[in-house]
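In what follows, a single structure is set out as structure tokens and then discussed.
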Amino acid sequence: MKVSLLKSVSLGLFTTALMTVSVTHAATQKDENIEVTPLQKVTQQELAAIYVLSEVCPGLVKDKAQFEQGYSKLAQEYLPAEKDAVSTLSKLSKEKKFKPILAEARSDAKKAGDAKNQEICQELSAYSK
């Protein structure tokens with residue numbers, strides 16, 4: 001895989017933030033027609049990349065509680081139908097069919113290196129605000 005999954009998670013965070021702003025703005029416009037585009041289906045690779053952040057980031061961030069809030073928010077945005085998305089990701093990580101996907105995400109995180117991972121983890125910590 002040429003593009004790191006972690007980069008896609010960062011891009012996903014940015015895209016989600018932009019979509020949230022757009023939807024909020026559109027919802028405040030009373031006289032305009034609002035066209036709703038359904039979100040694309042979340043892939044197993046994206047979920048694996050998000051889960052790997054829970055493994056990588058606690059050792060790379062100063063404020064673990066703030067990271068956990070951002071991580072929880074991200075997980076919930078990717079799994080909105082789940083009551084506890086963090087728990088759902090944890091359960092998914094233990095499923096046999098998910099293990100190869102998770103191994104690939106871990107490999108991508110390792111290839112990205114500590115500096116890039118730390119940058120992503122800090123962004124995720126700030127995402128909780």
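I'm told residue 81 meets every condition in (1) of a type in the set (A, V, I, L, M); (2) within 16 Å of residue 42 (Cβ to Cβ); (3) not in a loop (DSSP other than H, G, I, E, B) except one. Can you identify the failing condition by its number?
(3)
If you scan region 77-116, which residues turn out to be buried (at least 16 other Cβ atoms within 10 Å of the Cβ), within 13 Å of the chain's Cα centre (by Cα) and not aromatic (Phe, Trp, Tyr)?
If the condition is that a residue be buried (at least 16 other Cβ atoms within 10 Å of the Cβ), within 13 Å of the chain's Cα centre (by Cα) and not aromatic (Phe, Trp, Tyr), then 77, 79, 85, 86, 89, 105 are the ones that fit.
Have a look at 6, 39, 89 and point out the one that is at pLDDT below 95, aliphatic (A, V, I, L, M) and touching a Leu at 6+ places or on another chain (Cβ under 8 Å). Walk me through it before giving the result.
On the way: 39 fails: touching a Leu at 6+ places or on another chain (Cβ under 8 Å); 89 fails: at pLDDT below 95.
When all the criteria are applied, what remains is 6.
Could you grab the pairs with beta carbons closer than 6 Å, sequence gap of 6+ or different chains, first residue in region 57-85 and without any contact (Cβ under 8 Å) to a residue 60 or more places away in the chain and of a type in the set (A, V, I, L, M, F, W, C), second one part of a loop (DSSP other than H, G, I, E, B) and surrounded by 17 or more Cβ atoms within 10 Å (Cβ to Cβ)?
Partner pairs satisfying both residue conditions: 85/79.
The values are calculated or read from the model by the stated rules, or taken from the named source; none is laboratory data. This one's a predicted model, so the numbers in the text were calculated from it and none came from an experiment. Cβ atoms come from the backbone with ideal geometry, glycine included; neighbour counts cover every protein chain shown.
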